[in-house]
Amino acid sequence: MFLFLQENLDTVTEAVSEEKTLSIYKLIMESGTGGLIIISILFVLLAAALYIYFERFFAIKAAAKVDVNFMNQIKDFVSEGKLDAAGDLCKNTDSPTARLIGKGISRIGKPLDDINKAIENSGKLEIYQLEKNVSVLATIAGSAPMIGFLGTVIGMIVAIHEIANSGGQIDIKMLSDGLYTAMTTTVAGLIVGIISYIAYNHLVVRTDKVVYQMEAKSVEFLDLLNEPV
């Protein structure tokens with residue numbers, strides 16, 4: 001009796017051990033050609049999303065840095081009529097705000113509407129540069145889950161095809177293996193989609209902050225030109 005219980009205990013232990021060592025890598029490698037292709041595509045999309053995120057993150061972070069004394073120096077130069085010095089300061093300051101102010105300074109002497117229009121056009125170019133490739137993140141966030149679902153459908157079709165060719169005898173293990181591999185692509189697609197979606201929204205928020213900063217400094221510069229001499 002003791003030996004019987006011991007054998008059953010060993011069997012349960014082995015089953016639990018086998019269940020705990022379920023390998024995602026094994027599921028991916030056994031998912032067939034279709035599953036491997038889908039997961040490879042998702043891996044490439046993930047790598048592209050991470051590259052775009054970090055490249056844009058550091059670019060936007062650098063664009064957000066503006067010297068707190070920048071506008072004070074611009075005001076002093078413009079008030080004293082030192083437009084060349086103000087223009088040189090803008091050229092030596094690598095930021096979207098400085099480039100906008102520099103564009104406005106280069107138009108001083110023309111009607112205020114022309115100066116405002118020049119700043120607006122320059123601002124559109126700066127925003128375009130800030131948002132470069134960010135839309136690709138949105139595309140990856142939307143397409144990755146659908147690609148994962150495509151892999152799931154392919155896996156289900158393959159599993160059903162194998163069952164149909166088994167002579168009408170349904171093998172539960174074969175069916176469960178097919179479902180495991182089919183769901184693997186769905187999980188991979190959702191992971192890539194979620195990461196890309198979060199990265200996209202984070203970049204949008206940071207870009208909006210830089211845009212608001214540019215708008216505030218531009219209004220401050222135009223107010224300076226409107227001040228009575």
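The values are calculated or read from the model by the stated rules, or taken from the named source; none is laboratory data. Since the structure is predicted, the reported quantities are computational estimates derived from the model, not experimental observations. As a convention, Cβ positions derive from the backbone with ideal geometry for all residues, glycine included, and neighbour counts pool all protein chains shown. The area values use the complete protein model at the heavy-atom level, side chains included, leaving out ligands, DNA and RNA. Shrake-Rupley method; radii C 1.70, N 1.55, O 1.52, S 1.80 Å.
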The range 199-217 residues that are within 16 Å of E120 (Cα to Cα), paired with ones that are of a type in the set (V, I, T) and not in a helix (DSSP H, G or I) (beta carbon under 9 Å, 6 or more apart): Q213/V66; K217/V66
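So, in the range 57-73, how many residues would count as being among the β-branched types (V, I, T) and at pLDDT 85 or above? Break it down stepwise before answering.
In the first step, residues of the range 57-73 are kept if they are among the β-branched types (V, I, T); the result is 60, 66, 68.
Applying the additional criterion that residues be at pLDDT 85 or above yields 60.
Total satisfying the criteria: 1.
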Taking the condition more than 33 Å from the chain's Cα centre (by Cα) and either surrounded by 16 or more Cβ atoms within 10 Å (Cβ to Cβ) or at pLDDT below 85 (or both), does I170 pass? yes
Considering only residues that are closer than 15 Å to I41 by Cα and open to solvent by 80 Å² or more (accessible area, probe 1.4 Å), which ones fall in the range 125-144? T139
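Just to be sure, is A59 crowded, with 20+ Cβ neighbours inside 10 Å and closer than 24 Å to V204 by Cα?
So A59 fails the test.
A quick yes/no check of all residues on (1) outside any helix (DSSP H, G or I); (2) hydroxyl-bearing (S, T, Y); (3) under 21 Å from Q213 (Cβ atoms):
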{"position": "V66", "(1), (2), (3)": "yes, no, yes"}
{"position": "Q73", "(1), (2), (3)": "no, no, yes"}
{"position": "F77", "(1), (2), (3)": "no, no, yes"}
{"position": "G81", "(1), (2), (3)": "yes, no, no"}
{"position": "A85", "(1), (2), (3)": "no, no, no"}
{"position": "D88", "(1), (2), (3)": "no, no, no"}
{"position": "A98", "(1), (2), (3)": "no, no, yes"}
{"position": "D113", "(1), (2), (3)": "no, no, no"}
With the requirement that a residue be open to solvent by less than 40 Å² (accessible area, probe 1.4 Å) and at pLDDT below 85, what does the range 145-165 give you? G151, T152, G155, A159, I163
So D94, is it under 33 Å from the mean Cα position of the chain (by Cα), at pLDDT below 85, open to solvent by 70 Å² or more (accessible area, probe 1.4 Å) and of a type outside the set (K, R): yes
Those residues that are without any contact (Cβ under 8 Å) to a residue 60 or more places away in the chain and small (G, A, S), I need them from the range 88-120; list them, please. S95, A98, G102, S106, G109, A118
Confirm whether N116 is exposed (fewer than 13 other Cβ atoms within 10 Å of the Cβ), polar (S, T, N, Q) and over 18 Å from the mean Cα position of the chain (by Cα). no
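Hey, does the range 5-23 have a residue that's modelled with pLDDT under 85, open to solvent by less than 50 Å² (accessible area, probe 1.4 Å) and either in a helix (DSSP H, G or I) or over 24 Å from G142 (Cα atoms) (or both)? Break it down into steps so the answer makes sense when it comes.
Residues of the range 5-23 modelled with pLDDT under 85: 5-23.
Narrowing the set further to residues that are open to solvent by less than 50 Å² (accessible area, probe 1.4 Å) leaves 23.
Pick out the ones that are also either in a helix (DSSP H, G or I) or over 24 Å from G142 (Cα atoms) (or both) and you get 23.
Among the residues of the range 5-23, at least one is modelled with pLDDT under 85, open to solvent by less than 50 Å² (accessible area, probe 1.4 Å) and either in a helix (DSSP H, G or I) or over 24 Å from G142 (Cα atoms) (or both), which makes the answer yes.
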